Amino acid sequence: MRDESMASVTLVRHATLLLDVDGTRLLVDPMLSDAGANPPIEGSSNDRRNPLVDLPADTDWDGEFEDVDAMVVTHLHQDHLDDPARERFGDADLPVFCQPEDESSLAETFDDVRVVEEEASFDGLTLTRTPARHGHGEWAERMAPVCGFVVGTDDERVYLAGDTVWYDAVEATLDDHDPTAVVVNAGAAQFTESRPITMAAEDVAEVCDHTDAPIVAVHMEAINHCLLTRDDLTDALAEADHAEQVTIPDDGETVEL
């Protein structure tokens, strides 16, 4: 049973998270497909089918999901909301928080879609939508729209950066919200013709340079075009003297914030 007095984030797999803050549990970006159920991302450097791994078998995910109070969807790419997740939660009567551009698609599945224009309140929490840039140049435009969220209270503010690279709006979010914890989507996802479209090791290091908050790095080793492994990121952060600030959880692992 979770400790409602403690903020924590559980990495389910990839970008799918259970975020517990002040007694409220949020499910973030659920992808529930079985390993290999989906084709590889087109334009990638390998042809491995997705997801690369199953959900951790040693956890009762049905039980964990029954305890969810609301859902947060940062964008509609399949690795952040897939058909099995729509089927699993479509009848669950959960509030679903999202960016404005995704309202109509989500409303086809979910009855309680709540658009976050700038800020929303839920169960004592404040959810603030934050900008994100899913790549560089032309690729950022192709991958848009995406967003992140700052979730929490006056005392606990968790910045879910979402699918973004390091850029000035991420720095501004850190400055403006002074988060007590940050979750970054790493993995350096990329296409053969693009630069990384999610955070590479140097992006994570930039986040470390601009906040003293603990950082949790996810979004690795589950989708075929995410090329930065946990070991690669660990080594790079050690070289940059940031290893103690960043936790890189295994799938199924809970990190106390």
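The values are calculated or read from the model by the stated rules, or taken from the named source; none is laboratory data. If you're wondering where the values come from, they're calculated on a predicted model, not measured in any experiment. Here Cβ is always computed from backbone atoms with ideal geometry, including for glycine, and neighbour counts include all displayed protein chains. The area values use the complete protein model at the heavy-atom level, side chains included, leaving out ligands, DNA and RNA. Shrake-Rupley method; radii C 1.70, N 1.55, O 1.52, S 1.80 Å.
Some notes on this structure:
- Unique residue being modelled with pLDDT of 95 or more and farther than 28 Å from Met31 by Cα when the list is Asp203, Asp212: Asp212
- Pairs, first touching a residue at least 24 places away in the same chain (Cβ under 8 Å) in region 230-257, second open to solvent by 40 Å² or more (accessible area, probe 1.4 Å) and not polar (S, T, N, Q), C-beta under 6 Å, six or more apart: Leu237/Ala243; Glu256/Met6
- Only one entry in Leu94, Leu76, Leu106 is open to solvent by 40 Å² or more (accessible area, probe 1.4 Å), at pLDDT 95 or above and either in contact with a Leu (Cβ under 9 Å, 6 or more places away or on another chain) or within 15 Å of Gly162 (Cα to Cα) (or both), namely Leu76.
- Matching strands (runs of 3 or more DSSP E) fully within region 1-112 where at least 3 residues are over 19 Å from Arg129 (Cβ atoms): 8-13, 16-21
- Looking across region 1-41 at every residue that is among the charged types (D, E, K, R) and modelled with pLDDT under 95, the one that is least open to solvent (accessible area, probe 1.4 Å) is identified as Arg2.
- Check on Val115, open to solvent by 10 Å² or more (accessible area, probe 1.4 Å), within 19 Å of the chain's Cα centre (by Cα) and not hydroxyl-bearing (Ser, Thr, Tyr): yes
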